[in-house]
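Engineer: Have a look at this one before I ask anything.
The values are calculated or read from the model by the stated rules, or taken from the named source; none is laboratory data. Keep in mind it's a predicted model, so treat the numbers as computed, not measured. Using ideal geometry, Cβ is built from the backbone for each residue, glycine included, and neighbour counts are taken over all protein chains shown. Heavy atoms of the whole protein, side chains included, go into the accessibility calculation; ligands, DNA and RNA do not. Shrake-Rupley method; radii C 1.70, N 1.55, O 1.52, S 1.80 Å.
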Amino acid sequence: MTRRTDIDVRPITEAEFPDWQRAVNTGFLQPPAVGAEQLEARRNLFVPGRSLGAFDGERCVATYRSFDQQVTAVGGALVQADAISNVTVTATHRRRGLLTRMMAQDLAAAKDRGDVVATLIAAEYPIYGRYGFGPATTMTEWTVDVPRAGLDARWAAPEDGGRIDLVDGEDVRGLGPELHERLRRAQPGAVSRAELWWQTRTGVLSVNDTPWTEPFYAVYRAADGEVEGMVSYRADDKWGDAKQPLNTATVDWLLAVTPDAERALWHYLCSIDWITTVKSGWRAPDDLLPHLLPDPRAARITTQADWLWVRILDVVRALEARTYEGQGSLVLEVVDRGGLTGGRWRLEAGADGESCTPTTESAHLVLDVAELAALWLGDESAVRLAALGRVREERAGAARVADALLRTSRRPWCPDMF
């Protein structure tokens, strides 16, 4: 067995990208060989210095990639983030500290760059807490039984004066980025999308070995012609024994910046001839969808899980970037075993704004940096974490004060996988 010290962990060169990509596929249990066209498309993701590999001799046995991102804080501020993806360790080289070494290199570089947080979507729950990440948003997927939903089968158009139009990929690339920009500036937990995102979702570039099949795209335009919603969806072809249609419409993604747009797009999907089931795709846990149906029980939850994980790299800038539901003060002692941002801080939230400053005062609440990350976007409850033994009150009632300040009226949501 190769000793840990003999395995070189470092940024890969462009020439090593094919071997690195093969290791990515191997780690995710995908066919190791990558086609030339897909390999060339994936080179668009390569940023010098931001793709790390662990090499046992000439072979890449672990992978890690990060890239620039912005995540929306409570109140709409865009916070600079170090987004992490393509994390794998080959099965032959597990338990040798390779991820720990790659993570330490990347987070230190992110801190030096001035990134406020790091983000990722965790394939496995137990891995990232030990690096200071906490689950900051949740996603829910609903499956709608269309015949039970109680909608008017004769529905043909929105009743608010708006309209639904089918469009193509070129229209999506033209209209989608501005619509998404409006959504993400209002949605805590949303992240930025590069042009590459729109290209891969509309068939301009294919990073997968499976052939591209164009989905259906529809936009909602308000009465004044403004695009306020957009959806990408696919449909299967399933019929019952009695020659009855049993087709499913599966949503790839749906963006809406107004409740009218949400209602119109979901009602449209449920009105398509032959569609008896609609799968919602990844939605916010408090999405309006079930209650846009006359019978909300027609929408049953089929998936619910943690989604965006956050790692705080700068406590002061993270807490000052967001707004707060109430007014008050709290002294937080943040424990960071990674040594990046621990300390004791006084958080003040009031009519004149927010401030977070170092203090030597006695702590009201003691918590790990991972628990602070779970609280940062307003989804988690400090009272709940205290009951679980993951937050410690040094002053009675401090967890309730934290909830009054930090929690939000609508839950954060990240629409993206990365």
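Engineer: Could you tell me how far the Cα centroid of segment 216-235 sits from the Cα centroid of segment 325-342, in Å?
Structural biologist: So the two Cα centres are separated by 42 Å.
Engineer: Considering the zone a paramagnetic label at residue 127 would reach in this model (a point 7 Å from Cα along the Cα-to-Cβ line), which residues of segment 88-116 have amide N under 14 Å from it?
Structural biologist: Those under the cut-off are 88-104.
Engineer: Out of 402, 91, 222, any idea which swings most in a Gaussian network model of the chain, alpha carbons joined below 10 Å?
Structural biologist: It is 91.
Engineer: Around residue 162, which amide H atoms from residues at least 5 apart in sequence, or from another chain, sit under 5 Å from its own amide H, with H modelled in the peptide plane?
Structural biologist: Those lying under 5 Å, H to H, from residue 162 are 223.
Engineer: Another question about this same structure. Mind giving me the FRET efficiency for residue 236 and residue 361? R0 is 51 Å, r the Cβ-Cβ distance, nearest 0.05 is fine.
Structural biologist: 0.25
Engineer: Distance from a point 7 Å along Cα→Cβ of residue 105 to each backbone N in segment 293-317: keep the residues under 20 Å and list them by number.
Structural biologist: Taking a point 7 Å out along Cα→Cβ of residue 105, no residue of segment 293-317 has its backbone N under 20 Å.
Engineer: Under a crude label model (7 Å from the Cα following the beta-carbon direction), how far is residue 170 from residue 351 in nanometres?
Structural biologist: Going by the 7 Å Cα→Cβ label model, 5.6 nm.
Engineer: Shifting gears a bit: If each residue of separation counts as 0.36 nm, what is the full-extension length gain between residue 92 and residue 160 once their alpha-carbon separation is subtracted? Present the calculation step by step, with values, prior to reporting the outcome.
Structural biologist: Values: separation 68, 0.36 × 68 = 24.48 nm, distance 5.93 nm.
18.6 nm is the gain from fully extending residue 92 to residue 160.
Engineer: Starting from the Cα of residue 39, step 7 Å toward the Cβ, then list every residue of segment 9-26 with an amide N under 16 Å from that point.
Structural biologist: Under 16 Å, as judged by backbone N against the label point of residue 39, lie 13-26 of segment 9-26.
Engineer: Count neighbours as other Cβ atoms within 10 Å of each site's Cβ, and list the trypsin sites (Lys or Arg not before Pro) in segment 104-192 that are DSSP loop with at most 14 such neighbours.
Structural biologist: On the way: sites: 111, 113, 130, 148, 154, 163, 173, 182, 184, 185; in loops: 154, 185.
Those that pass, being in a loop and sparsely packed, are 154, 185.
Engineer: Quick check: residue separation of residue 400 and residue 329 times 0.36 nm, minus the Cα distance between them. What number comes out in nm? Walk me through the numbers on the way to the answer.
Structural biologist: Values: separation 71, 0.36 × 71 = 25.56 nm, distance 1.18 nm.
Stretched fully, the residue 400-residue 329 segment lengthens by 24.4 nm.
Engineer: Test of the criteria: in segment 169-228, which GluC sites (Glu not before Pro) are in a DSSP loop and have at most 15 other Cβ atoms within 10 angstrom of their Cβ?
Structural biologist: Numbers: sites: 170, 178, 181, 195, 226, 228; in loops: 226.
Answer by residue number: 226.
Engineer: Between residue 58 and residue 197, what's the calculated FRET efficiency when r is the beta-carbon distance and R0 is 35 Å? Round to 0.05.
Structural biologist: Approximately 0.55, to the nearest 0.05.
Engineer: With θ set to phi - 60° and the Karplus curve 6.51 cos²θ - 1.76 cosθ + 1.60, what are the ³J(HN,Hα) couplings of segment 193-202 in order, to the nearest whole Hz, using x for Gly and Pro?
Structural biologist: 10, 7, 4, 4, 4, 5, 5, 6, 7, 10
Engineer: Still on this structure, I have one more. Name the lysines eligible as straight-distance cross-link partners of residue 279: C-alpha to C-alpha under 26 Å, and not fewer than 8 places from it in the same chain.
Structural biologist: Partners found: 238, 243.
Engineer: Continuing with the same structure: Calculate the dipole size of segment 33-90 relative to its Cα centre from +1 charges on Lys and Arg beta carbons and -1 charges on Asp and Glu beta carbons; express the result in debye to the nearest 20.
Structural biologist: Details: 5 positive and 6 negative charges, 9 e Å.
Taking the Cα centre of segment 33-90 as origin, the dipole is about 40 debye.
Engineer: Near residue 295, within a Cβ-to-Cβ distance under 10 Å, what is the net charge of the other residues, with Lys and Arg +1 and Asp and Glu -1?
Structural biologist: Details: positive: 148, 297; negative: 145.
The answer is +1.
Engineer: Right, something else. Between residue 302 and residue 224, what is the label-to-label distance in nm when each label sits 7 Å out along the Cα-to-Cβ direction?
Structural biologist: The modelled label-to-label distance comes out at 3.8 nm.
Engineer: Okay, moving on. Count the net charge of all other residues whose Cβ sits under 13 Å from the Cβ of residue 317, scoring Lys and Arg as +1 and Asp and Glu as -1.
Structural biologist: Working: positive: 111, 113, 322; negative: 115, 314, 320, 354.
Result for the neighbourhood of residue 317: -1.
Engineer: Something else about it: When only the heavy atoms of the protein chains count and the probe is 1.4 Å, how do 336, 273, 260 rank by accessible area, highest first? Don't skip to the end; give the middle numbers.
Structural biologist: On the way: 336 25, 273 125, 260 75 Å².
Heavy-atom accessible area, descending, gives 273, 260, 336.
Engineer: Taking the chain as a Gaussian network, where each spring joins two C-alpha atoms under 10 Å apart, which residue of 76, 114, 97 fluctuates the most?
Structural biologist: Looking only at 76, 114, 97, the biggest GNM fluctuation is shown by 97.
Engineer: Once amide H atoms are placed 1.01 Å from N in the peptide plane, what residues at a sequence separation of 5 or more from residue 391, or on another chain, have their amide H within under 5 Å of its amide H?
Structural biologist: 386
Engineer: With Cβ to Cβ distances under 13 Å as the rule, what net charge do the other residues near residue 73 carry (K, R +1; D, E -1)? If you can, show how the numbers build up before the last one.
Structural biologist: Details: positive: 184, 185, 317, 322; negative: 314, 320, 354, 379.
Neighbourhood net charge equals 0.
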